[in-house]
Amino acid sequence: MALTGDIDVETSPRLREFLIGLVDAGARHLVIDLDGVAFLDSTGLGVMIGVFHRLGAANGSMAFAGGPAAVRGVFHVTQLTRVFALHDTLDQALLPVR
Amino acid sequence: MEVVLEMTLPRNAESAPLVRHTLDASLRGLGVTPEIRADIALALGEACANVIQHAAAGMEYEVRARMDGLRCVVEVIDGGGGDSAQWGGGRAPLTAEHGRGLQLIRAFTEDVRIADRVTREGSVVHFEKSLAS
């Protein structure tokens, strides 16, 4: 799925609710396209990790694709590239899931 | 040209994007590159989020920014009440959901300081960024 706009202290609660809803509805493998994301902060990262824990408990997986340099930089600085796969393109991210 | 912004804001989630976008517009007007603006926006967003997430109803916080062609200096001033500016001192565990804000501010800006206010309750988060690209 593609996310757009700013992911921050204002929008993170709704994003968490949306993604957790997908997992509760049975989604097990999430691939998130970040190309449309203009801003991502630690509250947004917290959502992703919360969802990651839920998926892990269900033997699922979570990966990310694309994103502007600033957004990718946040994953690198926090070393969350050791937790999530961060692919250059959506096609690359989707390969293991097909 | 020097630009000074001072904003007093309610501690609600809607204030964070407003502050970020206001400061970003000023920096863009000064010709600052998108990469540097992104670093400042992230640090400011982190500092504001920290205040907001420890808010007590009805309290306010202040953002002060001073910028010229060379440097941007930002302070986010928490007026106290509620739990003041709870910054976890150490690094968060890798898969913790919280606790990364200070790490991000330090990674993307310079001269990061957190201090108690001298004459009033609350704390000040201070960071700077060279604007030369």
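Here are a few things to note about the model shown:
- A:PRO96 being open to solvent by 20 Å² or more (accessible area, probe 1.4 Å), facing chain B (nearest Cβ under 10 Å) and not aliphatic (A, V, I, L, M): no
- So A:ASP41, is it surrounded by 19 or more Cβ atoms within 10 Å (Cβ to Cβ) and within 27 Å of B:LEU18 (Cα to Cα): yes
- Of the residues contained in the stretch A:44-52, none is found to be under 21 Å from B:LEU42 (Cβ atoms) and touching a Gly at 6+ places or on another chain (Cβ under 7 Å).
- Test for B:ARG66: is it away from every other protein chain (no Cβ under 13 Å), within 18 Å of B:VAL112 (Cβ to Cβ) and at pLDDT 95 or above: yes
- In the stretch B:1-20, of all residues being under 18 Å from B:ARG71 (Cα atoms) and outside any strand (DSSP E or B), the one that is nearest to the other protein chains (Cβ to nearest Cβ) corresponds to B:ARG20.
- Scanning the stretch B:23-40 for residues that are part of a helix (DSSP H, G or I) and among the aliphatic types (A, V, I, L, M) returns B:LEU23, B:ALA25, B:LEU27, B:ILE36, B:ALA38, B:ILE40.
- Residues in the stretch A:38-85 that are closer than 24 Å to A:ALA27 by Cβ, within 8 Å of chain B (Cβ to nearest Cβ) and over 13 Å from the mean Cα position of the chain (by Cα): A:ARG82 only.
- Filter result (in a helix (DSSP H, G or I), surrounded by 14 or more Cβ atoms within 10 Å (Cβ to Cβ) and within 12 Å of chain B (Cβ to nearest Cβ)) within the stretch A:1-28: A:SER12, A:ARG16
- A:VAL31 being in contact (Cβ under 8 Å) with a residue 40 or more places away in the chain and either out of contact with any Asp or Glu (no Cβ under 8 Å at 6 or more places or on another chain) or open to solvent by 30 Å² or more (accessible area, probe 1.4 Å) (or both): yes
The values are calculated or read from the model by the stated rules, or taken from the named source; none is laboratory data. Keep in mind it's a predicted model, so treat the numbers as computed, not measured. Because the Cβ atoms are built from the backbone with ideal geometry, glycine has one as well, and the counts that use them run over all protein chains shown. Only protein heavy atoms, including side chains, enter the accessible area calculation; ligands, DNA and RNA are left aside. Shrake-Rupley method; radii C 1.70, N 1.55, O 1.52, S 1.80 Å.
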